[in-house]
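Notes to accompany the following structure.
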Amino acid sequence: MFQKPIIGITMGDPAGIGPEVVVKAVTDKKVTQVCYPLVFGSYHIIFSSAKKFLKKAIIRKIIWPEDVRDSKDSICVLDCTKLDRTKIKTGKITKLSGKMATDSVFCATQFALSDQIDALVTAPLSKKGLRLAGYDFPGHTELLAYLTATRNYAMMFVAVHSPLSTVDCRLSTEKYKMVLVTTHLPLSEVARSISKKRILEKLTVTQKALQRHFGIKKPKIGVCALNPHCGEEGILGTEEKRIIIPAIKAAQKMGIKAYGPFSSDTIFSPKISQEFDCILAMYHDQGLIPLKMGEWGGAVNVTIGLPIIRTSPDFGTALDIAGKGKADPKGMINAILLAAQMVKKTKGKRTSSF
């Protein structure tokens, strides 16, 4: 019988909505039915958030993740920062808030690497907070790759119906998953950042993730073009001929079912997108705009290629509503449910980096 996994959840930047959505999500019945949630962060901040945003809550400080199994109906917190919480200013990112956020990520990652938690779900932190705290990473994805010594990784976005209403966590994204070749780059730098090697690496890590974490034995991956009309035989750009098509052919020789390139206005149509298990987009907005503008209720961010399972909601720190009780936990709930589903697909066993 499959044992409910322990899912580690970082509190995010305490100046933002992270603590609020975390306490709301970990007490949701859909979450507690499928996993044991364990919050990593400041016990006092989580305690204060629970008292402020929940009608009723029991908060318990624990030392070892396994203790969460004996803490029914409690919000379990592994206190992993000793910084002064009283100096945190809601709605204002500071060096202190950034350091508290990264402390929780560092701690949770170590427990994930040692198999003491089965998956990691991260609440939003701030890129500014990361920099102020002394960490030169664009975001969670790159930080986690560094902490796990992973070279080949990628951002996958899994679209979900809203709300997820079943314990088995059935997702609309059995039809729609999307991976990015490039991530947080200015548009002016995208073309020169795309290479045959990079595309091939993303196709490889995508295939392995779909097989391991989603149970798709022979995944089909549709590849986006970079230029309008796939470059129009070189008239509107040569990246398709020089880079993308050779990468697809190389992937096919490796046994990867990669197809394309397809124009963005074609591949993201409901009819065409459903022919693939995943779509590989060349840059951030190319993949995310169709996902967010479509019929989907939201998306979960998955870092594929890591030796641990990591998901996160697709929203930021939302400083403008921090501390006001207005934050919707739906995205956080979906991220936890997907992490639990991925653990079940991999039978709870951590795998090495791809």
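Overview of values
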quantity	calculated
Number of the condition not met by residue 304 [criteria: (1) surrounded by fewer than 22 Cβ atoms within 10 Å (Cβ to Cβ); (2) at pLDDT 95 or above; (3) within 26 Å of residue 269 (Cβ to Cβ)]	(1)
In the range 27-46, the residues that are within 10 Å of residue 337 (Cα to Cα) and of a type in the set (Ser, Thr, Tyr)	32
Complete set of residues in the range 209-228 that are surrounded by 17 or more Cβ atoms within 10 Å (Cβ to Cβ) and part of a helix (DSSP H, G or I)	209, 210, 212, 213, 214
Matching residues in the range 131-142 - criterion: being of a type outside the set (Ser, Thr, Tyr) and out of contact with any Leu (no Cβ under 7 Å at 6 or more places or on another chain)	131, 132, 133, 134, 136, 138, 139, 142
Subset tally (residues that are without any contact (Cβ under 8 Å) to a residue 12 or more places away in the chain and closer than 15 Å to residue 198 by Cα) for the range 231-251	2
Per-region count, the range 97-123, residues surrounded by fewer than 24 Cβ atoms within 10 Å (Cβ to Cβ) and either at pLDDT below 95 or not aliphatic (A, V, I, L, M) (or both)	10
Which listed residue is basic (Lys, Arg) and modelled with pLDDT of 90 or more, from 175, 271, 241	241
Of residues in the range 9-30 being touching a residue at least 24 places away in the same chain (Cβ under 8 Å) and surrounded by fewer than 24 Cβ atoms within 10 Å (Cβ to Cβ), the one nearest to residue 67 (Cα to Cα)	27
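The values are calculated or read from the model by the stated rules, or taken from the named source; none is laboratory data. Since we're looking at a predicted model, the values are computed, not measured. Cβ atoms come from the backbone with ideal geometry, glycine included; neighbour counts cover every protein chain shown.
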